[in-house]
Structures are given as structure tokens and as C-alpha cells.
1. Tally the residues that are modelled with pLDDT under 95 and either over 26 Å from Gly13 (Cβ atoms) or of a type in the set (Val, Ile, Thr) (or both), restricting the search to segment 55-77.
2. Of the residues that sit in segment 1-51 and are among the aliphatic types (A, V, I, L, M), more than 16 Å from Lys61 (Cα to Cα) and part of a loop (DSSP other than H, G, I, E, B), which one is modelled with the lowest pLDDT?
3. Sort out which residues of segment 2-58 are on the phi > 0 side of the Ramachandran plot and surrounded by 12 or more Cβ atoms within 10 Å (Cβ to Cβ), and write them in order of number.
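The values are calculated or read from the model by the stated rules, or taken from the named source; none is laboratory data. Worth saying up front: this structure is predicted, and the values here are computed from it rather than measured. Quick reminder, even Gly has a Cβ in these numbers, built from the backbone with ideal geometry, and neighbours come from all protein chains shown.
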Amino acid sequence: MLSIEHLYFSYQGQPPYVLNDLNLHIHSGDYISIVGDNGCGKSTLLRLILGFLTPVKGSIKDKFFILLPPQFINNKIPYKE
């Protein structure tokens, strides 16, 4: 299960927030899609879930494994030449 509670995020660390008081609960076996306009925070949300970014406020609690390609597991950033 993935549980996101009262999540706030801003690239500046202060308002205005890209994500503002987001609450989301995804249970094991659920299939979801994240859709929206350009710049609405979809990629930011995924980066927060994966731990690439840190929320300003709120919590992200996960109790499952996200399957990632090996290049993400070792360095969190894909290797580029």
C-alpha cells in the first residue's frame, strides 16, 4: 500500500506549492493512472514517491516494492555517456 497524507511540495521550499495538501491511498493490486495538463505536478509526484525529491510537509509511506530498471536502483539516476 502507498499512503500519501497532507503532502506539500515546492521547488523553492515555500508557497506557492506545486502540490498542495495532496492525500492519496493506493492499495495492493490497484491499477492507477496519473493524468493532467502540462505542469500540473504529475512528474513531481512520481519523483516524490521514488524519493528523488523531499516534500516540504506531509508524509509518503510505502509498503510495497516499485519495480525499476537496474540503472535506477544503483544510482537513482540513469547513467549517460
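1. Qualifying residue count for the region: 13.
2. Going through segment 1-51, the residues among the aliphatic types (A, V, I, L, M) turn out to be 1-2, 4, 7, 18-19, 22, 24, 26, 32, 34-35, 45-46, 48-50.
Within this subset, residues satisfying the condition of being more than 16 Å from Lys61 (Cα to Cα) are 18-19, 32, 34-35.
Retained after the next criterion (residues that are part of a loop (DSSP other than H, G, I, E, B)): 18, 32, 34-35.
On the way: Val18: 94, Ile32: 85, Ile34: 90, Val35: 93.
Taking the candidates together, the pick is Ile32.
3. Taking segment 2-58 as the starting set, the residues that turn out to be on the phi > 0 side of the Ramachandran plot are 6, 13, 21, 29, 36, 39, 41, 51, 58.
Within segment 2-58, His6, Gly41, Gly58 qualify.
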